[in-house]
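Data block below; observations after.
The values are calculated or read from the model by the stated rules, or taken from the named source; none is laboratory data. Just so you know, these numbers come straight off a predicted model, no measurement behind them. Positions of Cβ are generated from backbone atoms using ideal geometry, with glycine treated the same way; all protein chains shown enter the neighbour counts.
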Amino acid sequence: MLNIANISVTFNEGTLDEKKALNGIDLELAQGDFLTVIGSNGAGKSTLMNVISGNTLPDVGDVVINGKQVVHLPEYKRSALIGRVFQDPMAGTAPSMTIEENLAMAYSRDKKRKLKIGVTKKRKSMFRDHLRTLNLGLEDRLSAKVGLLSGGERQALSLLMATFTKPNILLLDEHTAALDPSRAELITSLTEKVVRESGLTTLMVTHNMQQALDLGNRLIMMDKGQIIFEAQGEAKQKLTVENLLKEFQRIRGEQFEDDRVVLG
């Protein structure tokens, strides 16, 4: 479903501020894989997300989604293939538009663009059905402006919009980090439910190690633009936060080159 081969990204090349954000990343996700990505600040997690989405063009390497080479496709042309939820609850939606208008835009993402946003009676009924699954009462507020929603409500709507048309890849970019604990727990639960029921191939960046362990069937740890550790299946299920911290400290204490530690 997703194949990333030899991806490298360098920022400010040839200057004193030169930084190797990604260094020869190879990664493959099968249909239905749910990969969680952890690592310290500057490890390359967000850059990896941006390369997949088309926001950042790599220096070298290939990105293939469902058999289609997309590395030179701009972000807007990948929108039919990729759904993304950002850390900021204010991103990913249009605050001055209503809930139903935002959903109509999301529904039309993989269809021909029209100047007028179509909110028909049939679509309203469909939107209500989808919103009802969130258990937030948003199905009764279709005409409410999205800017009036709470952070948790807005992030739940963003998650629904990102998965509305069942994209090939779902990208979750620290999408619970800006929420209070109770709302973060709600969005985490909704994420697990939506991904499981839709069978979406998902890549989630998070700083919450427990969340990374609780969700998904695969996990990778990044550092200095490389994947330094990965675990999947039963091996991932046996991991603890303490294990991950010890593994990170151990690897950081060595002269790490190109080999990665693999469990599972």
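A few points about this structure:
- Counting the residues of the stretch 49-64 that are among the hydrophobic types (A, V, I, L, M, F, W, C) and buried (at least 20 other Cβ atoms within 10 Å of the Cβ) gives 4.
- From the list T206, T165, T201, the one residue that fits, being β-branched (V, I, T) and either within 23 Å of E242 (Cα to Cα) or free of Cβ contacts under 8 Å to residues at least 24 places away in the same chain (or both), is T206.
- Of all the listed residues (E254, E234), the sole one being modelled with pLDDT of 90 or more and exposed (fewer than 12 other Cβ atoms within 10 Å of the Cβ) is E234.
- Filtered residue count, the stretch 147-165, keeping only those that are over 17 Å from M90 (Cα atoms) and either polar (S, T, N, Q) or out of contact with any helix residue (DSSP H, G or I) (no Cβ under 6 Å at 6 or more places or on another chain) (or both): 2
- Residues of the stretch 191-210 satisfying the condition of being within 9 Å of T36 (Cα to Cα) and at pLDDT 95 or above: T202, L203, M204, V205
- Selected residue (criterion: modelled with the lowest pLDDT) from residues of the stretch 67-91 that are among the polar types (S, T, N, Q) and within 25 Å of E28 (Cβ to Cβ): S79
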